[in-house]
Amino acid sequence: MYKELVQRLRDIYDLRSAQAVLEWDMETYMPPKGGDARSRQMGLLAALAHEKLADPRLGELLEGCKEHEAGFAEEQRAVVREVKRDREKAVKVPSELVREITDTAGKSLSVWKEARERKSFKIFVPLLTKLIDLKKREAEALGYAAGGVPYDALLDRYEPGASVAKLNPIIGQTRDITVAAVRAIGASKKKPKIALLERVYLEDAQEKLGRFVIEKMGYDLQSGRLDVAVHPFSTSFDPNDVRITTRYEQRWLPAALFGCVHEAGHALYEQGLPIEHGGTPLCESLSLGIHESQSRLWENQIGRSKAFWRFLYPKAKRLFPKALGKVSLDDFYFAVNGVRPSMIRVEADEVTYNLHVVVRYEIEQAIFSGEAAIDDLPGLWNRKMKDYLGIAPKNDAEGILQDIHWAMGSFGYFPTYLLGNLYAAQWMSAMRRGVRDLDGRVAKGDLLAIKKWLNENIHCHGRRYSTSELARRVSGEDLNPKFFEQYLKEKFGPLYEVSW
Ligand code: MG
């Protein structure tokens, strides 16, 4: 019975992977006119995967396995538990509602683009209103714990176990920690020379540096590739085929470099999943927040550390003699860690970043609790930006319309970015206890020590534990923003010569 279950899971996994291959191609090499056929092909594969997950036979097998669970190994029990969870979610939402959401999101995308171009939220209002209404129905269909709120059901889709009750204290604490840091840093007289990152950095040399770093990190190019895409991402079809993309900007060195490190961080997670459990949840990533913790750990905790640049800076100087020849390591290190409140989340530094997430999270919560009317949202956005970051957008395009998520119906997604930053700090603190002389190793270019620790402590578990069980196993306690606070103080205090 368990064998048949695994075979069926394998089929679902392969259908999804095939869909992901098509999507990767769409974002990288597909010619412009291929779009219509491609969405049809991807739609078909998604429908087939859904049918297989909803298949009554799969339900019977799960029930059967549940009954015989006593004789199962812990791993097998975890598989049954997680597949049951996935299947319940998939069958709870009526297929007409799923189709209506997909259709509306499809239409929303082009309207959102137009609204953003014309800097007018009003244009987006009718479709946004409809999408929110549909997502409220989806939340009711999915259900949520007693005493909870509908928004919980949406949060739980991206971060299993998340709820407003659990997130509010964590996000509120992160907001307060960050606002204090931003104010202290803003008052400092020390300013990084960020302009040195805007010199000419030729694409060829950028690619060489990027490839050098991701290989040092242990990203296996025999099981992966690096390509160019407008919106960089990573994707996996199997632990032996995990691909990343990046985008080169000649006059902004951080984009491709830290982009590569970020995406390779995601990719190492996927390459590090236990392939012997392929097709089952044991070979799947745990949550978006945990995924993001991998990319942010590599990008910020490692990639923007002094030790890392002690190792990499001589190479960077050789590749960009004109731009960096006369720049000291200290000036370069300060520049890549420059903090300045800005309007756009995707361009934000690691200190101000979380505040962008907080703004959208608080607004989403107000939408789904009925506290905020849709017409009031841009004003609410601008007020929160002013309160937390001290700046206000000039228009809706650099304000509420900046991110694509709502147009895709992805409400509840945002907190995972913030959780990723918090987990990254927590893992790093545990890693420092577990790996002797971590900074010394990094300064010598021994990044494999980090990969190994992440492989053994996080990647190998797949979805075996809940996020909070994983946090306790790895770090001895549940998610706690104090690690992030401590990290900010230890890193940015000395850089800006401030304390708070
Ligand atoms: Mg990411």
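The values are calculated or read from the model by the stated rules, or taken from the named source; none is laboratory data. No experiment lies behind these values; they were computed from the predicted model shown. A quick note on method: Cβ atoms are made from the backbone with ideal geometry, for glycine too, and the neighbour counts reach across all protein chains shown. Keep in mind that these areas ignore ligands, DNA and RNA; they rest on the heavy atoms of the full protein, side chains included. Shrake-Rupley method; radii C 1.70, N 1.55, O 1.52, S 1.80 Å.
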| Estimated vicinal HN-Hα couplings, Hz - region 426-440 in sequence order (Karplus 6.51, -1.76, 1.60; Gly, Pro = x) | 5, 4, 4, 5, 5, 5, 5, 6, x, 10, 5, 6, 4, 4, x
| Coil-residue GluC sites (Glu not before Pro) of region 361-462, DSSP, other Cβ within 10 Å capped at 13 | Glu371
| request: Would you mind checking which residues have amide H under 5 Å from Thr246's amide H? H placed 1.01 Å from N; only 5 or more apart, or other chain. | output: Asp227, Val228, Ala229
| Once phi is turned into θ = phi - 60°, what whole-Hz ³J(HN,Hα) does the Karplus curve with 6.51, -1.76 and 1.60 give for every residue of region 349-356, x standing for Gly and Pro? | 6, 6, 7, 7, 3, 4, 5, 4
| query | When the accessible area of the chain is split by element with a 1.4 Å probe, what percent falls to carbon and sulfur? | reply | 51
| How would you classify region 14-162 from its alpha-carbon gyration tensor, with a ≥ b ≥ c the square roots of the eigenvalues: rounded for a/c under 1.5, else prolate if a/b is greater than b/c, otherwise oblate? | oblate
| Around Ala162, what is the net charge, scoring Lys/Arg as +1 and Asp/Glu as -1 over all other residues with Cβ under 11 Å from its Cβ? | -1
| What 222 nm value per residue comes from the helices of the chain, counting each DSSP H run with n ≥ 4 as -39,500 (n - 2.57) and dividing by all residues, nearest 500 deg cm²/dmol? | -20500 deg cm²/dmol
| query | Which value, in Å², gives the accessible area per residue of the chain when a 1.4 Å probe is used on the protein heavy atoms? | reply | 44
| note | Once phi for every residue in region 401-416 is put through the Karplus expression 6.51 cos²θ - 1.76 cosθ + 1.60 (θ = phi - 60°), the whole-Hz ³J(HN,Hα) values, with Gly and Pro written as x, are 8, 5, 9, 7, 4, 5, 4, 8, x, 8, 7, x, 7, 3, x, 4
| Sites matching trypsin sites (Lys or Arg not before Pro) across region 204-282 that sit in DSSP coil, with at most 14 neighbouring C-beta atoms within 10 Å | Arg247, Arg251
| task | Two decimals is fine: what is log10 I(q)/I(0) at q = 0.07, 0.08, 0.10 Å⁻¹ for the chain, from a Debye sum with one equal scatterer on every Cα and no solvent? | result | -0.39, -0.51, -0.83
| remark: trypsin sites (Lys or Arg not before Pro) in region 315-347 lying in a DSSP loop, each with at most 11 other Cβ atoms within 10 Å of its Cβ, come to Lys326
